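One structure coming up, written as structure tokens, with questions to follow.
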Amino acid sequence: MSSSRERHDRRPPSALRAIDDGEPEKRRAILHAAVRVFAEKGYHGCRIADVARQAGVAYGLVYHYFQNKEELLESVFAEQWTIFIGALQAISDGPGTAPEQLTGMCHFAIDVFRTAPAAVRVLLLEVARTPNSLRAGSTRQTFEHAVRIVADVVRRGQEREEIRRDVDPLIAAAGLLGALEMSLTGLVTGVVGGEREEDIERVKKGVVDLVLGGVLPG
């Protein structure tokens with residue numbers, strides 16, 4: 001059962017901005033520990049004490065950086081979405097044709113499951129289970145940002161005749177992100193495998209074939 005400290009904010013909102021810049025590594029350690037604990041026990045099944053134990057820090061230090069468990073989860077969401085959006089933008093700004101960049105985006109997202117399966121599990125499953133989770137990172141604005149980045153790649157591809165001109169860039173972008181979300185969910189839940197390296201490679205190829213099959217010129 002959650003303690004009263006976990007049910008109520010212990011610090012005023014202004015204190016959220018008063019992070020100790022001298023010890024950012026401890027905040028990161030707590031966030032990374034939270035990812036592991038949330039992935040293992042779920043948001044509702046874990047306690048702040050579990051996170052502190054996993055991070056190897058004092059119980060009270062968690063409250064130095066995060067006012068309660070909800071803010072800790074929101075910070076995990078925000079961090080993971082920032083990484084994802086940054087990666088999409090970097091691929092969009094980098095070299096390659098539009099099909100190559102779309103492929104790179106798909107490969108990056110699926111490879112995250114290979115290197116950080118706990119983070120993917122938390123990002124996909126806890127968003128749906130947790131009230132108010134869309135306030136942090138997983139917002140409509142974040143999704144719109146991701147769609148715009150992918151849509152811009154599609155538009156540039158259309159201008160260079162690498163992508164079919166009759167394709168709606170926004171729908172293509174939403175379709176790519178939707179295919180990634182469901183494919184990753186399939187990996188997280190084991191519906192499409194995920195234990196073996198060949199499972200991940202099979203999903204990567206399947207997503208790319210599906211996405212590019214709908215936008216490449218005939």
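Every number here is computed from the coordinates shown, using simple stated rules; none is lab data. Because the structure is predicted, anything quoted here is derived from the model rather than measured. We place every Cβ from the backbone using ideal geometry, glycine too, and count neighbours over all the protein chains shown.
What distance in nm separates the simple spin-label points at residue 87 and residue 111, each placed 7 Å from Cα in the Cβ direction?
0.8
Once you have the Kirkwood Rh of segment 75-126 from its Cα pairs, apply Stokes-Einstein at 10 °C and 1.306 mPa s and quote D in µm²/s.
The calculation lands on 136 µm²/s.
For an R0 of 22 angstrom, estimate the FRET efficiency from the Cβ-Cβ distance between residue 197 and residue 100 and round to the nearest 0.05.
About 0.45, to the nearest 0.05.
Cβ neighbours within 10 Å, averaged per peptide: list 144-154, 86-96 in order, most packed at the top.
Packing order, densest peptide first, comes out as 144-154, 86-96.
Turning to a different aspect of this structure: Taking a ≥ b ≥ c as the square roots of the eigenvalues of the Cα gyration tensor of segment 137-218, is the shape rounded (a/c under 1.5), prolate (a/b larger than b/c) or oblate?
oblate
Taking the alpha-carbon distance from residue 26 and a cut-off under 26 Å, which lysines remain once sequence neighbours fewer than 8 residues away in the same chain are dropped?
The qualifying lysines are 41, 69.
Still on this structure, please answer the following. If packing is taken as the average count of other Cβ atoms within 10 Å, what order do 72-81, 51-60 fall into, highest mean first?
72-81, 51-60
Still on this structure, please answer the following. For segment 71-213, what relative contact order do you get, as a whole percent, if you take Cα pairs closer than 8 Å and at least 6 residues apart?
31
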